[in-house]
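I have placed the structure first, in the form of structure tokens, so that the comments after it can refer back to it.
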Amino acid sequence: MSKVYDVIILGGGPAGLSAGLYAGRARLSTLMIEKLTEGGQIVTTNEIENYPGGMEHESGPSLIARMVEQCKKFGVETIKTTVTEVQLEGDIKTVTAGGNTYQAKTIMVATGANPRPIGCTGESDYIGQGVSFCATCDGAFFEDLDIYVVGGGDSAVEEALYLTRFGRKVTIIHRRDELRAAKYLQEQAFANDKIEFMWDSTVTEIGGDEVVQKMTVENLKTGEKTEIVASDEDGAFGIFVFVGLIPNSDIFQGKLDMENGYIITNENMETNIKGVFAIGDIRVKMLRQVVTAAADGAIAAIMADKYISGH
């Protein structure tokens, strides 16, 4: 506990890694604490086509691996453990993780938000193999195939409309008999010839060989189960899940200003506590993508440097 870092980054996704890179290049002593494996949600994506300058056939793991190496090059220390407590007030902040205590002049919260899963049999086996939580990331991989969107809120309908650019047909599966999305989105969806609906229904099982090729949908009112199987010609179809996100913000409750569990920041990534920044999917923002997470991290590192130097 004798060492006081300039920066402690909580989370090793694209936002945290970008912050680490910029902090390391600024010669700020930096510790990154990640509970699992660096990368966050993006490591479940087999191919990334929308990250500027990405390599051909870029995957989530390959992009993250290069980010990790960049951080190492500039001296960022990394430990794999779970943060259990934070003390954010005062000039020196304290983080308790894995039974140890770490101190820093600034903290960057990059703990992210996890997509809420359907929770059905087989779902976890096909993430990145037909099951996706990001239309802009993976929609193009289902060109001229059938696409199913699970959910009925704003995100589900917005993404269904977006996915009509790629899919031959997009079917919204919703557990109620009416959408929860804003009226203008509903009107657009109902007017779109490529969008169909399965009401009062939920997905109970997903299967296939290496990719999603079948699923079972249950009508919640009648109990009737329908098996949907990809044609031999198609060989696969896509399932996009938009039933909400779960922000990883529990340990910051009552300490940082939040909105629906997401941390509120200004455009400089500053929270309501001086020296504490929030970046990436954990903060209130319009677009949660790798490119915006990386931008958040860069901004926060620059602002942390200014804060530490008193400028």
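For this structure, a couple of remarks:
- Residue 177 satisfies every condition listed in (1) modelled with pLDDT under 95; (2) in contact with a Phe, Trp or Tyr (Cβ under 7 Å, 6 or more places away or on another chain) except (1).
- Matching option when the condition is open to solvent by 70 Å² or more (accessible area, probe 1.4 Å) and either under 26 Å from the mean Cα position of the chain (by Cα) or of a type in the set (Phe, Trp, Tyr) (or both), among 196, 178, 224, 158: 158
- Any strands (runs of 3 or more DSSP E) falling wholly within the stretch 167-254 and containing at least 2 residues that are farther than 30 Å from residue 109 by Cα and touching a Lys or Arg at 6+ places or on another chain (Cβ under 9 Å): 169-173, 195-198, 201-208, 212-219, 225-229
- Counting only residues that are open to solvent by 10 Å² or more (accessible area, probe 1.4 Å) and farther than 19 Å from residue 208 by Cβ, the stretch 95-146 holds 18 of them.
- Residues located in the stretch 81-91, provided they are surrounded by 12 or more Cβ atoms within 10 Å (Cβ to Cβ) and more than 19 Å from residue 13 (Cβ to Cβ): 87, 88, 89
- Of the residues making up the stretch 84-103, those that are among the small types (Gly, Ala, Ser) and more than 21 Å from residue 264 (Cα to Cα) are 97, 98, 99.
- Filter result for the condition that a residue is outside any strand (DSSP E or B) and either of a type in the set (A, V, I, L, M) or without any contact (Cβ under 8 Å) to a residue 12 or more places away in the chain (or both), over 118, 107: 118
- Residue ID - least open to solvent (accessible area, probe 1.4 Å), chosen from residues in the stretch 255-265 that are of a type in the set (Val, Ile, Thr) and in a loop (DSSP other than H, G, I, E, B): 265
- For the stretch 266-292, taking the residues that are closer than 14 Å to residue 304 by Cα and among the hydrophobic types (A, V, I, L, M, F, W, C), the one that is surrounded by the most Cβ atoms within 10 Å (Cβ to Cβ) is identified as 279.
- Search result, residues across the stretch 44-80 that are of a type outside the set (Asp, Glu) and open to solvent by less than 30 Å² (accessible area, probe 1.4 Å): 45, 48, 59, 60, 63, 64, 67, 68, 71, 76
- Residue 38 more than 21 Å from residue 139 (Cα to Cα) and either modelled with pLDDT of 95 or more or open to solvent by 50 Å² or more (accessible area, probe 1.4 Å) (or both): no
- Residue selection: residue 31 fails the criterion of being touching a Phe, Trp or Tyr at 6+ places or on another chain (Cβ under 7 Å), open to solvent by 20 Å² or more (accessible area, probe 1.4 Å), more than 22 Å from residue 127 (Cβ to Cβ) and not in a loop (DSSP other than H, G, I, E, B).
- Of the numbered criteria (1) at positive phi; (2) in contact with a Gly (Cβ under 7 Å, 6 or more places away or on another chain), the one residue 174 fails is (1).
- Number of the condition not met by residue 150 [criteria: (1) over 25 Å from residue 49 (Cα atoms); (2) open to solvent by less than 30 Å² (accessible area, probe 1.4 Å); (3) of a type outside the set (Phe, Trp, Tyr)]: (1)
- Subset of the stretch 266-311 (residues that are part of a helix (DSSP H, G or I), touching a strand residue (DSSP E or B) at 6+ places or on another chain (Cβ under 9 Å) and either without any contact (Cβ under 8 Å) to a residue 24 or more places away in the chain or within 15 Å of residue 13 (Cβ to Cβ) (or both)): 280, 281, 282, 296, 297, 300, 301
- If you go through the stretch 97-123 and keep only what is of a type in the set (Phe, Trp, Tyr) and at pLDDT below 95, you end up with nothing.
The values are calculated or read from the model by the stated rules, or taken from the named source; none is laboratory data. The structure presented is a predicted model; accordingly, all values stated were derived computationally and were not measured. FYI the Cβ positions are ideal-geometry reconstructions off the backbone, even for glycines, and counts take in every protein chain you see. Accessible surface areas use protein heavy atoms only, side chains included; no ligands, DNA or RNA. Shrake-Rupley method; radii C 1.70, N 1.55, O 1.52, S 1.80 Å.
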